[in-house]
Structures are given as C-alpha cells and as structure tokens.
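Student: Pasting a structure here, questions to come.
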Amino acid sequence: MYGLVNQAIEDMITHQFSVAKWEEIKKTACLGDMAGFENMQSYPDNLTYDLIGAVSKTLDITTEQVLEAFGEYWVLYTAEKGYGDMLKMAGDSLPIFMNNLDTLHSIVGSMMPNLRPPSFQCTEITNHSLKLHYHSKRIGLTNMVIGLIKGLGKRFGTVCEVSLIESKKSEQGQEDVFFVKW
Ligand code: 1MF
C-alpha cells in the first residue's frame, strides 16, 4: 500500500500515545531502523499488516480493534493531509459519499499507478439505511471498513450503526456486505 497508509498509522500512534510507543511498535514489527515512510512510494502490504499486528500486541488490543480505530482515523487524517478537497468532492453526506467511493478511488488511481483500490456498491438504499458491498483484493480489512464508515459518520455529524451481514474470503480477495443505518 502507499506509504500514506503507514504514515497514518504512525500519526495515529504518536498523537494518541507517544513517539516512544511508536518506536516500540516499529521494533516489534522488525522495522526498528526504518526512519519514515514516503507517502507516494508503494510498500508491500505485509509491512502494513505487520504494523497492525505490532500495534495490537503492543497496546494489548485485538487486530479488529486496531483496524476499526485506524479506519476512523484515516478519514480525519486524509482530510487534514492534503486530500480535504478530494474528500469534499466525494459528497457532503454519508450515503452520497459511500456511493462515490469508486469514483474517488479512480481519481486517486489515475495519479497512483500502483493503487489497488477496493470497490464499493450501495444497494437497497432507503432514507435511513443501505447495504454497502465491499470487494477487495486484500484479505482481512473488514474491520477497517467498519471504522471508515463510522469515521465518515463523524465527518458528516451523522450517528450511524454498521453491521456485517455477509463476509467471504476467496482467491479473489475479500467480499463483505455491511448494513449501514443512520
Ligand atoms: O492500494 C493502496 O495503496 C490503497 C491505499 C489506500 C488503496 C486504498 C486506500 C484507501 N482505503 C484504505 C483501505 C483499503 C482497504 C482495501 O484495500 O481493501 C480507504 C478507502 C475509503 C473508504 C471510506 C472512506 C474513505 C476512504 O478513503 C479516502 C481516501 C482514499 C485514498 C486516498 C486518500 C483518501 C489516497 C490518497 C493518496 C494516495 C493514496 C490513497 O497516495 C498518494 C497520492 C498522491 C500523492 C501522494 C500519495
């Protein structure tokens, strides 16, 4: 994944905990002598998974909890680190934004050739709920998506509930369906 993702993990830990905790996490992930990440460089996915695992171990919380917290943080982080206008273009309400996620990723992907964007579709849309279908080549990031949706809810001041109603791992990757209610 692009270095921006690893930078966001670093930022979350140093702001919510400390620089010392981050150093400890890097050591646990066997990245002790890594100075920092370049936002535009692409890194192996395993590096990000190792960091998530190391955060879980160091803070003594589950990887699901780490992923959810990180998903929420990502929405805030990217809004502040130069992607605010892009996020604004993707919509000013929770359902509109969710509907525009593929467009958002195709815009990022046109600049970043190594992006491997997930895909999102909304179905059964009502005034207060929808089903969000998530497809990704990456396995195991389901809880990050839950955090991302909750982070969007906070961004738009929309109280929402997210539940996982279908989840499938295959050769193609991860295929999940979430019920989102607001
Ligand atoms: O392949 C990738 O490197 C990659 C990185 C980040 C693919 C997707 C994403 C964004 N996505 C992270 C979870 C991925 C889960 C998966 O792969 O199955 C979050 C998508 C998302 C969902 C809900 C709400 C908001 C979301 O993200 C908004 C967003 C998406 C992409 C970026 C920023 C905000 C982005 C911006 C610049 C990037 C990379 C991603 O890289 C650059 C580009 C230009 C200059 C410097 C860095």
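Student: I'd like to verify something in the chain: which complete DSSP H helices, judged by Cα projection on the helix axis, reach 24 Å or more and average at least -0.5 on the Kyte-Doolittle scale?
Tutor: Passing helices, by number: 63-80.
Student: Provide, in order from the shortest bin, the percent of all Cα-Cα pairs of the range 29-125 in each 5 Å bin, continuing until the bin that contains the maximum pair distance.
Tutor: 2, 10, 15, 21, 21, 15, 10, 4, 1, 0
Student: Past 32 Å, Cα to Cα: identify those pairs from 21/81; 27/150; 88/131; 27/131, in the order given.
Tutor: 27/131
Student: Find, to one decimal place in angstroms, the Kirkwood hydrodynamic radius of the range 86-170, where the mean of 1/r is taken over every pair of different Cα atoms and then inverted.
Tutor: Radius from the Kirkwood sum: 13.7 Å.
Student: Give me P(r) over the range 3-61, computed from all C-alpha to C-alpha distances, binned every 10 Å, as integer percentages.
Tutor: Each 10 Å bin holds this share of Cα pairs: 25, 62, 13, 0.
Student: Would you be so kind as to identify which of 43, 56, 8 lies farthest towards the positive end of the dipole of the range 3-61, taking Lys and Arg as +1 and Asp and Glu as -1 on Cβ and the Cα centre as origin?
Tutor: Toward the positive end, the furthest listed residue is 56.
Student: Another question about this same structure. Pairwise over distinct Cα atoms, reciprocal of the mean inverse distance: report the Kirkwood radius of the chain in Å, one decimal place.
Tutor: Radius from the Kirkwood sum: 16.9 Å.
Student: How do 163-174, 61-72 rank on mean C-beta neighbours within 10 Å, highest first?
Tutor: So the peptides 163-174, 61-72, ranked by packing, come out 61-72, 163-174.
Read the figures in this text as sums done on the coordinates, not as results from a lab. None of the values given here were measured: they were computed from a predicted structure. Quick reminder, even Gly has a Cβ in these numbers, built from the backbone with ideal geometry, and neighbours come from all protein chains shown.
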